[in-house]
Amino acid sequence: MSRGIIYIMATAVPGLIKIGKTGSSNFEQRMYNLEHDGYRNVTALKRSFAIEVEDYDEKETMLQTIFEKSRVSDTELFALDINIVTQLLSSFDGVVIFPKTETKAEVFGAAVDNTKGKLLPNGTYVFQRKKKSDNKVVKATAIISYGRWTLLKGSILGITEDAGVPQKAKTFRMSMPIDRNGKLLEDTELGECSPSFAGSIVMNQSNNGWTDWRDKDGNPVDIYRKRRGD
């Protein structure tokens with residue numbers, strides 16, 4: 001049986017993803033090339049999930065067959081919700097290659113939560129909570145447009161890193177324009193994510209964003225998930 005890696009990448013175009021495969025020893029080089037050079041005139045490719053599996057040729061063919069109707073011409077690009085593909089791929093037997101710090105169960109759970117996050121209607125949402133570790137009041141405002149989050153300038157974020165911050169949130173925060181007091185200096189796009197992921201970025205710790213983010217009427221955003229029966 002041949003063993004290799006199947007990966008998923010986001011692109012600069014919302015809703016357009018790349019599904020591909022590579023040999024186990026070629027993964028880092030393949031990611032470097034795609035992230036720097038793009039693919040078929042599509043730029044800003046970014047690795048999202050990768051898993052090493054047996055019979056990777058057959059499994060990649062199966063994925064592409066399942067999603068054939070969403071394929072863009074004869075490419076490895078697909079007009080799909082990346083979270084749906086991640087849920088399917090993370091259910092395969094195999095070893096998670098990226099993100100290295102997360103288990104398959106964690107990847108699957110985050111993808112499910114991200115999918116449910118799209119239930120939130122377009123609008124403005126607020127977050128306010130005190131961190132127990134340093135008594136800092138964290139207060140943020142975000143705009144959601146078709147499932148994509150933008151954290152607004154002036155939001156006050158947690159500075160002290162506490163337990164449970166997802167690695168993706170840690171990495172994302174490193175590039176955010178935050179001053180020494182935790183003030184966000186520019187509007188920052190978080191992209192498609194769940195309320196909990198957005199909350200973990202704001203708090204700098206694990207967070208149940210479904211209860212802490214609130215809509216314009218003061219309701220926790222969990223009401224939108226409950227209305228759909230989730």
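The values are calculated or read from the model by the stated rules, or taken from the named source; none is laboratory data. Values in this document were obtained by computation on a predicted structure and should not be read as measured data. Every residue, glycine among them, receives a Cβ derived from its backbone with ideal geometry; neighbour counts consider all protein chains shown.
Key figures
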read-out	value
Residues of the stretch 188-208 satisfying the condition of being farther than 13 Å from THR141 by Cα and part of a helix (DSSP H, G or I)	SER196, PHE197, SER200
Test for GLY209: is it more than 20 Å from TYR146 (Cβ to Cβ) and in the same structural domain as LEU151 (by TED's automatic domain parsing)	no
Residue that is farthest from the chain's Cα centre (by Cα), among those in the stretch 157-187 that are in a helix (DSSP H, G or I) and crowded, with 16+ Cβ neighbours inside 10 Å	ARG173
Residues that are out of contact with any helix residue (DSSP H, G or I) (no Cβ under 6 Å at 6 or more places or on another chain), under 14 Å from ASP187 (Cβ atoms) and not charged (D, E, K, R), drawn from the stretch 126-160	THR141, ALA142, ILE143, ILE144, SER145, THR150, LEU151, LEU152, GLY154, SER155
Subset of the stretch 91-107 that is in contact with a strand residue (DSSP E or B) (Cβ under 8 Å, 6 or more places away or on another chain) and outside any loop (DSSP other than H, G, I, E, B) - its residue that is farthest from ASP55 (Cα to Cα)	VAL107
Criterion: closer than 30 Å to LYS216 by Cα, of a type in the set (S, T, N, Q) and touching a Leu at 6+ places or on another chain (Cβ under 9 Å) - qualifying residue of THR124, THR115	THR124
Failed item, numbered, when LYS216 is tested on (1) surrounded by 14 or more Cβ atoms within 10 Å (Cβ to Cβ); (2) more than 20 Å from the chain's Cα centre (by Cα)	(1)
Whichever residue in the stretch 47-61 is surrounded by 14 or more Cβ atoms within 10 Å (Cβ to Cβ) and of a type outside the set (Asp, Glu) and, among such residues, is nearest to VAL107 (Cα to Cα)	PHE49
Residues within the stretch 115-132 that are touching a residue at least 60 places away in the same chain (Cβ under 8 Å), part of a loop (DSSP other than H, G, I, E, B) and surrounded by fewer than 19 Cβ atoms within 10 Å (Cβ to Cβ), tallied	4
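For every residue, the table says whether it meets (1) more than 24 Å from PHE172 (Cβ to Cβ); (2) β-branched (Val, Ile, Thr); (3) assigned to a loop (DSSP other than H, G, I, E, B).
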{"residue": "ILE17", "(1), (2), (3)": "no, yes, no"}
{"residue": "PHE27", "(1), (2), (3)": "no, no, no"}
{"residue": "ARG30", "(1), (2), (3)": "no, no, no"}
{"residue": "MET62", "(1), (2), (3)": "yes, no, no"}
